[in-house]
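*Asks:* Right, I'll just put the structure down here and ask away after.
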Amino acid sequence: MARVATARNQDSAKPDHNREQVTSVERALSILELLASRNHGLSTSEISRVAKVPKSSTSYLLRTLVSRGYVRRDVETGQHTLGIRILSLGGQAMQGMALRELAMPHLRQIVETTRLGSHLAILDHGDAVYIERIESPGFIKMDIWNGRRVAPQATAVGKALICHLSREEVQEIAGLHPLRQVSPRTIVTLPHLFEELTAIRRRGYAIDDEEHAIGVRCVAAPVFSASGEVVAAIGLSGTVSQLNDDYLPSLGKIVQTAALKLSAQLGGRRSR
């Protein structure tokens, strides 16, 4: 029994590495929040005192934050301020919010004009991610929700998002997310995908012809930023009968027009 008690005491004396990691994250966030609340720089000692973090831990965390660009240290004064990288993160978050707010009137207009569901998507780590949507007013609803991630080559919004990337960038995405068959009509080879992306650039909008789900068609067009990069895609979806061959070109032009209007609001340019 004594040996068991000793073993238990030894186990309880072992450091909880998970808790240490959580504490470090909490302290790092406290430091960033402190720097964000001040309009002037703070020294290591001041940060340690105000954030109530031991000076040795403060020094270590600051060195890490400085090396990653989240904090800037003035070499002459030793004062710390927020770095460019964290400011850019905030800017990206605001840009994402602004993008959704700007896109909503265009999505509503698409739904009112076509009576079909519309959506907005972005490219994230090689996936097409839906970030906003408006359902169709009819009984037929599409299997789309905010936050859903889909393979870019299998969807209209995904193909619109990658159609202006270089061949190397498309190959890199395919390397991270191998082309796999989602439906019998999914594109599963790079040569076929490159042909499709060329057609999209020429046409101005992408088509998902039952490539993600049998019986469902979608069209989408890229949205451009001021730098000329594709930052999002606007799309609409419906059944094969709703997006029949006769109606498909006009729906493509409706989506393309909406995407170009949103691009203009972002300072973007028309695709070539």
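The values are calculated or read from the model by the stated rules, or taken from the named source; none is laboratory data. Note that the coordinates shown come from a computational prediction; the quantities given were computed from them, not determined experimentally. Glycine gets a Cβ as well: all are built from the backbone with ideal geometry, and neighbour counts include every protein chain shown.
*Asks:* Picking from I187, I200, I173, which residue would you name as being within 12 Å of A220 (Cα to Cα), assigned by TED's automatic domain parsing to the domain that holds S250 and β-branched (V, I, T)?
*Replies:* I200
*Asks:* Output yes when any residue across region 117-135 is of a type in the set (K, R), within 16 Å of C218 (Cα to Cα) and at pLDDT 95 or above, and no when none is. Steps first, answer last, please.
*Replies:* If we filter region 117-135 for residues that are of a type in the set (K, R), which is where we start, we get 133.
Narrowing further to those that are within 16 Å of C218 (Cα to Cα): 133.
Keeping just the survivors that are at pLDDT 95 or above gives none.
For region 117-135, residues of a type in the set (K, R), within 16 Å of C218 (Cα to Cα) and at pLDDT 95 or above: absent.
For every residue, the table says whether it meets (1) touching a residue at least 24 places away in the same chain (Cβ under 8 Å); (2) under 16 Å from R201 (Cβ atoms); (3) over 26 Å from the mean Cα position of the chain (by Cα); (4) outside the structural domain of I134 (by TED's automatic domain parsing).
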{"site": "G215", "(1), (2), (3), (4)": "yes, no, yes, no"}
{"site": "C218", "(1), (2), (3), (4)": "yes, no, no, no"}
{"site": "V230", "(1), (2), (3), (4)": "yes, yes, no, no"}
{"site": "G235", "(1), (2), (3), (4)": "yes, no, no, no"}
{"site": "V240", "(1), (2), (3), (4)": "yes, no, yes, no"}
{"site": "D245", "(1), (2), (3), (4)": "no, no, yes, no"}
{"site": "L260", "(1), (2), (3), (4)": "yes, yes, no, no"}
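*Asks:* Could you list, in sequence order, all residues of region 168-191 that are loosely packed, with under 12 Cβ neighbours inside 10 Å and over 21 Å from the mean Cα position of the chain (by Cα)? I'd like the intermediate steps shown before the answer.
*Replies:* To start, the set of residues in region 168-191 that are loosely packed, with under 12 Cβ neighbours inside 10 Å comprises 168, 175-176, 178, 180, 184, 189, 191.
Matches in region 168-191: R180, P184, T189, P191.
*Asks:* Taking region 147-190 as the region of interest, how many residues are touching a residue at least 40 places away in the same chain (Cβ under 8 Å), touching a Lys or Arg at 6+ places or on another chain (Cβ under 9 Å) and of a type in the set (S, T, N, Q)?
*Replies:* Going through region 147-190 one residue at a time, the tally reaches 1.
*Asks:* Return the only residue of S237, S263 being touching a Leu at 6+ places or on another chain (Cβ under 9 Å) and buried (at least 21 other Cβ atoms within 10 Å of the Cβ).
*Replies:* Numbers: S263 fails: touching a Leu at 6+ places or on another chain (Cβ under 9 Å).
Every option except S237 fails the conditions.
*Asks:* Continuing with this model, one more query. Filter region 100-137 down to residues that are under 17 Å from the mean Cα position of the chain (by Cα), buried (at least 20 other Cβ atoms within 10 Å of the Cβ) and among the small types (G, A, S) and give me whichever is nearest to L248 (Cα to Cα).
*Replies:* Result: A121.
*Asks:* If L107 meets every condition in (1) at pLDDT below 90; (2) within 19 Å of I207 (Cα to Cα); (3) in contact with a strand residue (DSSP E or B) (Cβ under 6 Å, 6 or more places away or on another chain) apart from one, which number is that one?
*Replies:* L107 satisfies all of (1) at pLDDT below 90; (2) within 19 Å of I207 (Cα to Cα); (3) in contact with a strand residue (DSSP E or B) (Cβ under 6 Å, 6 or more places away or on another chain) except (1).
*Asks:* Also, quick follow-up: Please report, ordered by residue number, the helices (runs of 4 or more DSSP H) entirely within region 151-261 with at least 2 residues that are closer than 15 Å to G126 by Cβ and modelled with pLDDT under 95. Lay out the reasoning, then the answer.
*Replies:* Values: elements: 156-162, 167-176, 190-203.
Because the criterion is at least 2 residues that are closer than 15 Å to G126 by Cβ and modelled with pLDDT under 95, the helices (runs of 4 or more DSSP H) in region 151-261 that meet it are 167-176.
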